[in-house]
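Here's the structure, in structure tokens; my notes come after.
Read the figures in this text as sums done on the coordinates, not as results from a lab. It should be emphasised that the depicted structure is a prediction, and the values quoted were computed from it without experimental measurement. As a convention, Cβ positions derive from the backbone with ideal geometry for all residues, glycine included, and neighbour counts pool all protein chains shown.
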Amino acid sequence: MSTSLSGQETAAAPPRTAAVSRTVPFSRRRLSRKWRRTLVAYGFLLLPVGFYALFMVLPWVQTVIVSFYNWDGIGPRTAAGWANYARVFSDPQLREAVIHSFELMLYFCVIPIVSALFLTALITGPRRPRWTVTRAILFVPQVLPPVAIAVMWQWMYGGSGFINQVLRWVGLGSDTQAWLASFSWAFPAVGLVGSWVTLGLCLAFFIAGAQRIPIELYEAVAADGGGRLRQFRWVTLPHLRGEVVIAATVTAIAALSAFDIVFVMTGGGPGVASIVPGLLVYQLAFTSDQIGQASALAVVLSALVLAVVTVLRLAGRERS
């Protein structure tokens, strides 16, 4: 009996050894397959990361290096140390451009977001009216080229433009003027164009977020006697905090990096009434041949954009 059992154990032993020998290569194959997938993933990332480093990171590093020199773009460089950066905050024209970039945030960021929230409160809710045509019209500026928008509004602000014609029709002909040539109105006129451009984008963000809100929440507030204002305050607005942060980030970047609309409409004038950092960087580099100073202003502008975006992201994270 024992002899037969030992024979059976001896016969059963080889398959167990074979199973172990088959398990080891399988695990190795799994490991090698995982590494192959990782290498393929990094291979796909290599090309876009390489392009980003070549056309974004390296030029920015070169800009930082040039910002510490006085250079006209052709002749030899002379070391300037921190003088170019000190001039950004001491020179009245450069300081005015930086201040204007923050003032543009009122027109590009605050006014569009508040207006878009108001329109969202009208468009969304328990009944959810479509307003498809209105939404499409408000989004049109995002499709049009900025240069075309600037040319159109330049005509509207002109002496015989649409705005002055409307003022004459309503009996305010004495208030007509060349708005873009006014030291008091040139900057607000450009800023309002930015508000018109970014309003449709903010509205698209908010409507997309409001459409995800369960309608039962509106019905619950209505059952407690709440009107449209309470529904917006307690239902719509809390659910749109993420979209508000995204809209604020996008529009703040647009305000700080504004160039094309200002360049076409006023060229920074009259005087420096509507000058902005993006336009001043262009003028310093390609008109005044002050490449080092332009690079320093560009680095400061990049730092401002990064700081504003970081603050907005942190504020949105704390609220969420």
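Length available on full extension from LEU47 to ALA223: 0.36 nm per residue minus the Cα-Cα distance, which gives 57.7 nm. Quick one: angle between helix 277-286 and the longest Cα principal axis of the chain, in degrees between 0 and 90, rounded to 10, please. That helix lies at roughly 80 degrees to the long axis. Amide H contacts for TYR69 (H built 1.01 Å from N in the peptide plane; partners 5 or more residues away or on another chain; cut-off under 5 Å): ALA80. Potential lengthening of the chain between ILE99 and ARG135 amounts to 9.7 nm, from the contour at 0.36 nm per residue minus the alpha-carbon distance. Under the combined filter of DSSP loop state and at most 11 neighbouring Cβ atoms within 10 Å, region 61-119 retains these chymotrypsin sites (Phe, Trp or Tyr not before Pro): TRP82.
Could you tell me how far the Cα centroid of region 221-252 sits from the Cα centroid of region 265-294, in Å? Value for the Cα centre distance between the two parts: 40 Å. Based on C-alpha pairs under 8 angstrom that are at least 6 apart in sequence, region 79-319 has a relative contact order of 30 percent. For n ≥ 4 DSSP H runs only, could you compute -39500 (n - 2.57) per run for the chain, divide by its residues and tell me the 222 nm figure to the nearest 500? Per the formula, -23000 deg cm²/dmol. Each of LEU122, TYR85, ALA97 was placed along the dipole of region 69-167 (beta-carbon charges, centred on the mean Cα), and the one lying farthest toward the positive end is LEU122. Note the angle between two axes, namely the Cα long axis of helix 111-123 and the longest principal axis of the Cα atoms of the chain, as a number of degrees from 0 to 90, rounded to the nearest 10. Approximately 70 degrees, to the nearest 10.
Our coupling estimate for region 98-104, obtained by passing each phi through the Karplus curve with A = 6.51, B = -1.76, C = 1.60 and θ = phi - 60°, is 5, 5, 4, 5, 6, 5, 5 Hz, Gly and Pro reported as x. The loop-placed chymotrypsin sites (Phe, Trp or Tyr not before Pro) in region 252-292, going by DSSP, that have at most 16 neighbouring Cβ atoms within 10 Å of their Cβ come out as PHE259. Taking each residue as 0.36 nm, the span from ALA79 to ASP260 lengthens on full extension beyond its C-alpha to C-alpha distance by 62.0 nm.
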